[in-house]
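A short reminder: the numbers here are calculations on the coordinates, not readings from a lab. What you see is a predicted model, and the numbers here were worked out from it, not measured in a lab. Note: ideal-geometry Cβ built from the backbone for every residue, glycine included; neighbour counts use all protein chains shown.
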Amino acid sequence: MDVSTEPKKKVKKKRKALKITLLIVLGVIIIISVLFSIYFYKCTHYWQADMQKTLDAGFETKQVTLSDGSVINYAEGPDNGDALLLIHGQTCAWDDYTRVLPKLSENWHVYAVDCYGHGDSSHNPKKYYLKENGDDLIWFINNVIKENTVVSGHSSGGLIASYVAAYGGDKVIGSVLEDPPVFSTEKGYFEKSFAYLDTYKNIHEYLQSDKSECWEAYYMRHCLWGQLYMSSSMDSLADYAQKYHEQHPNESVQFFFMPEDINFMFMNMNRYDLQFGENFYDYSWQSGISHEKMMSDIKVPTIFIHAKDSYTDDGILLAASSDEQARKAVSLIENCELVELESSHDIHRFNPDTFINAVNKLAKK
């Protein structure tokens, strides 16, 4: 064999090896790019699949106008059973329930409303109170649904659902209270809660400010969770929110690089009136109604779903209500079952089977 050809063979082998290495590196880069693209897409389009399934299930958005001119916007599903009225939590809208609506519609005739000051219902500050919301939803049951109804509410919507269950009359036959802030939003407790320090205190201070930046930017700059877990990043995130708002003034601020649970907080923020939150801050939203009396006045079969509590080192409640407060509420309701679980506050979104099972279980009662 001609030894002079050996160096050429070695060079060819090295080139081949380098080519293979480059192809592998390129493949890894492509895979990583695809994975990041999928992640970024899901961060801001997480809601689309659930919404499409909801529309495919037959839900339609409608509106009804009350005699005083107030408008209630709602989504109605097909008539596949008894009536179920869903009341979302604060800063959300009816589409907060899209993850569970298709499944619920298999056994229920579902109505999911926008509360006043949210979504496409009336934004009239005179209506931003527990009694006014509750009374108009009782009217909605009597004049739109017109049949026996189970009412379910999440968070502040859970307090509205409690009011409807207590004072809604004969057509209200059951309630599912999903992690309502019972007792914890009354004086003496609210100031020691995450919700107060993270959201409502900041809403109040923002409304008192010169509003030189959008609410989303202000919130990111001052929110409690940011201070607790990623304080060094919050100013940059606030600057991003402000820039996004300026470029898309009529849209919800979305962070393409942040997970769903962060973006979800802002999904309907552009359709939320901060005055609603201000009324929470100054306790006027409660309409002078005692939570203890309201719970005692609920006589219909009820399931109370509670995400178990936790606290910061300095005693700030990191839950809608404490375990003790939830159990007290259950003890006051005449016919009530408590479902406790380790979960985030948005149980119907992140533990949908638990929520659906509770609603369907109530039908058997």
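Here is how the numbers come out for the structure above:
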| read-out | value |
| --- | --- |
| Straight-distance crosslink candidates among aspartates and glutamates, where the alpha carbon sits under 16 Å from Lys299 and sequence neighbours closer than 8 are dropped | Asp170, Glu334, Glu337 |
| Additional length obtainable on full extension of the chain from Asn142 to Arg327, 0.36 nm per residue less Cα span | 63.5 nm |
| In order through the range 82-97: 3J(HN,Hα) via Karplus (6.51 cos²θ - 1.76 cosθ + 1.60), integer Hz, x for Gly, Pro | 5, 6, 10, 9, 10, 10, 6, x, 5, 6, 9, 7, 4, 6, 4, 8 |
| The chain - Rg (one decimal) and Dmax (whole number), Cα, Å | 25.2, 103 |
| Cut-off 10 Å between beta-carbons: net charge of the residues surrounding Gly153, Lys and Arg +1, Asp and Glu -1 | -2 |
| Under 16 Å from the Cα of Lys243 - aspartates and glutamates, other chains or at least 8 residues apart | Glu213, Glu216, Asp235, Glu251 |
| Kyte-Doolittle mean at least 0.5, axial Cα span of 27 Å or more - DSSP H helices of the chain | 6-45 |
| Cα radius of gyration and Dmax for the range 61-111 (Å) | 11.9, 35 |
| Under the Debye formula (equal points on every Cα, no solvent term), log10 I(q)/I(0) of the range 236-365 at q = 0.11 Å⁻¹ | -0.60 |
| Greater than 23 Å apart at Cα, pairs in Lys187/Lys293; Lys126/Lys308; Lys126/Lys171; Lys192/Lys328 | Lys126/Lys308; Lys126/Lys171 |
| Full-stretch length increase - Lys308, Lys293 - with 0.36 nm per residue and alpha-carbon distance subtracted | 3.1 nm |
| Protection proxy ranking, peptides 85-91, 214-220, 68-74, average beta carbon neighbours within 10 Å, highest first | 85-91, 214-220, 68-74 |
| Per residue convex hull volume, Cα atoms of the range 227-275, in Å³ | 100 |
| GluC sites (Glu not before Pro) lying in DSSP loop within the range 294-362, provided at most 14 other Cβ fall within 10 Å | Glu334, Glu342 |
| Principal axis dimensions, the range 61-146 - Cα atoms, whole angstrom, descending | 37, 27, 20 |
| Hits among aspartates and glutamates - C-alpha to C-alpha of Lys53 under 16 Å, sequence gap 8 or more where chains match | Glu76, Asp95, Asp96, Glu106 |
| Gain upon complete extension [Trp47, Ser209; 0.36 nm per residue less C-alpha separation] | 55.0 nm |
| The range 273-346: trypsin sites (Lys or Arg not before Pro) in DSSP loop, at most 16 other beta carbons within 10 Å | Lys299, Lys308 |
